[in-house]
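Structure record follows, encoded as structure tokens.
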Amino acid sequence: MKDSNRNCARRLVCRVTVFVGALATATWAASAEAAERQLETLDRGLIARLLPDGHVYLGWRLLESDPPDVTFHVYRRAGESGQPVRITRQPISRTTDFVDRSATQVGPSFWFVRPVVDGKERAPSQTDRVAADEAGRPFVRIRLQDQSTTFQKVGIADLDGDGRYDFVIKQPNANIDPYIKYWKPSPGTYKLEAYTASGRFLWRYDLGWAIERGIWYSPYVVYDFDGDGKAEVAVKTGEGDPRDPDGRVRSGPEYLTILDGVTGRPVTRIDWPSRKPFYDRHGDRAGYNYSSRNQLGVAYLDGRHPHLIVERGTYSLIVVVAYRFDGKQLRQVWRWDNTKLGRRWQGQGAHWMHSADVDGDG
């Protein structure tokens, strides 16, 4: 399992085009002496899964810090206090997975790997084990706080700084679209719930009645924006219950809010791009539909630090704003809109947001 961050650490000028249609381009120069690109600090991510034939599949990460010629030995230990036994004759060099065909199902077993660099074994990874009732299941189950909960989305990042990926779900599994033919009143509110990699429940955050229950109203991303090793949750929020009699939310404050990944408590917030220009241009009915299209993304705009990209609008007016989070406050880096750019810039949005280094400069 190759670490997605492996080829990311570069000190280069960065020009990132965010959102399809070349909506916004920003350029910064970073000197050759600039600090390394901010990366996640992850462990090996070793997993052990029991295959239907009784063998055990093992997979692990190739880290950004690994040298190009790194190889791996695999170890198995019987029980909590057994003596580890190396089960690879030669170190694994072409992949980061292995099938243990010599494992038995008598008693618990634990596996770990050791990287080999310059012929010497380095520190072991964390261990993992399998349960007998997991045979043939290609996934790990996480027990939710409420067993009746269904969820729509999941954000994956290391919330508590232990090097393992944790989970932030948005529940329940329901979606309302702003388009007049599909819209209906929200029967309840969305909640964000955080769980550790081991399934421990951390917190629940109720988005409240100011956020209608649909993906367009409730974007969120999970990422370590300030580089402290623990991911934050960035989410669109509101205040109180500003619903109109028909159930739509057309007024009230709107925010980009940062939640602490460990506690779920708000750290800071800043105004979300206003809905007013959409109503001014299109009136009440179409203005509601167009203004309710909201998205969030992450991009390394300067080649070093993750930035939050906030977008409002898809089919007509489009507003894009970039922010940096320093651990305490959000700072606006730039703002772009297509108000005065002519017809070719109108409606150039999409139902998703991707950020990419389209010119390959880092």
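Report, ordered by the first and then the second residue, all pairs with beta carbons closer than 9 Å, sequence separation of six or more or different chains, a first member in the range 295-320 that is at positive phi, and a second member that is buried (at least 22 other Cβ atoms within 10 Å of the Cβ) and hydroxyl-bearing (Ser, Thr, Tyr).
Sorted first by the residue in the range 295-320, then by its partner, the pairs are Gly313/Tyr290; Gly313/Ser291.
From the residues in the range 164-188 that are among the polar types (S, T, N, Q) and within 22 Å of the chain's Cα centre (by Cα), which one is surrounded by the fewest Cβ atoms within 10 Å (Cβ to Cβ)?
Within the range 164-188, the match that is surrounded by the fewest Cβ atoms within 10 Å (Cβ to Cβ) is Asn173.
Taking the range 137-156 as the search range and keeping residues that are touching a Phe, Trp or Tyr at 6+ places or on another chain (Cβ under 9 Å), hydrophobic (A, V, I, L, M, F, W, C) and assigned to a loop (DSSP other than H, G, I, E, B), which one is modelled with the lowest pLDDT?
Ile142
Grab the strands (runs of 3 or more DSSP E) fully contained in the range 208-320, keeping just those with 2 or more residues being among the polar types (S, T, N, Q) and within 30 Å of Glu36 (Cα to Cα).
In the range 208-320, there are no strands (runs of 3 or more DSSP E) which contain 2 or more residues that are among the polar types (S, T, N, Q) and within 30 Å of Glu36 (Cα to Cα).
Let me spell it out: the conditions are (1) farther than 30 Å from Ser291 by Cα; (2) out of contact with any strand residue (DSSP E or B) (no Cβ under 6 Å at 6 or more places or on another chain); (3) surrounded by 12 or more Cβ atoms within 10 Å (Cβ to Cβ); (4) aromatic (Phe, Trp, Tyr), and Trp203 meets all of them except one. Which number is the exception?
So the condition that Trp203 fails would be (2).
Taking the range 338-362 on its own, how many of its residues are in contact with a strand residue (DSSP E or B) (Cβ under 7 Å, 6 or more places away or on another chain) and either modelled with pLDDT of 95 or more or not in a strand (DSSP E or B) (or both)?
Number of matching residues: 6.
Out of (1) at pLDDT 95 or above; (2) outside the structural domain of Trp203 (by the TED database); (3) β-branched (Val, Ile, Thr), the odd one out for Thr189 is which?
Failed condition: (2).
Taking only pairs six or more apart or across chains, which ones have beta-carbon atoms under 6 Å, a first residue in the range 219-243 that is in contact (Cβ under 8 Å) with a residue 40 or more places away in the chain and over 26 Å from Ile176 (Cα atoms), and a second residue that is of a type in the set (Lys, Arg) and assigned to a loop (DSSP other than H, G, I, E, B)?
none
List every residue pair whose Cβ atoms sit under 8 Å apart, with the two residues 6 or more apart in sequence or on different chains, where the first one lies in the range 90-116 and is under 25 Å from Ala131 (Cα atoms) and in contact (Cβ under 8 Å) with a residue 12 or more places away in the chain and the second, anywhere, is outside any strand (DSSP E or B) and of a type in the set (Val, Ile, Thr).
Hits for this filter: Phe98/Thr88; Asp100/Ile87; Ser102/Ile87; Ser109/Val130; Phe110/Thr127; Trp111/Thr127; Phe112/Thr127.
Can you find even one residue in the range 67-90 that is of a type in the set (Ser, Thr, Tyr), outside the structural domain of Thr104 (by the TED database), in a loop (DSSP other than H, G, I, E, B) and at pLDDT 50 or above?
First pass over the range 67-90, keeping only residues of a type in the set (Ser, Thr, Tyr): 71, 75, 81, 88.
Right, trim to outside the structural domain of Thr104 (by the TED database) and you get none.
Within the range 67-90 (the criterion being of a type in the set (Ser, Thr, Tyr), outside the structural domain of Thr104 (by the TED database), in a loop (DSSP other than H, G, I, E, B) and at pLDDT 50 or above), the answer is no, since none of the residues qualifies.
Could you please find all residues in the range 157-171 being assigned to a loop (DSSP other than H, G, I, E, B) and in contact with a Lys or Arg (Cβ under 8 Å, 6 or more places away or on another chain)?
Across the range 157-171, the qualifying residues are Asp158, Leu159, Asp160, Gly161.
Considering only residues that are within 28 Å of the chain's Cα centre (by Cα) and free of Cβ contacts under 8 Å to residues at least 24 places away in the same chain, look in the range 61-89 and name the one that is farthest from Thr127 (Cα to Cα).
Pro68
Suppose we filter Tyr315, Tyr279, Tyr290, Tyr255 for residues that are aromatic (Phe, Trp, Tyr) and under 30 Å from Gly229 (Cβ atoms); which single one remains?
After applying the criteria, what remains is Tyr255.
The values are calculated or read from the model by the stated rules, or taken from the named source; none is laboratory data. These numbers come from a predicted model, not from an experiment. Note: ideal-geometry Cβ built from the backbone for every residue, glycine included; neighbour counts use all protein chains shown.
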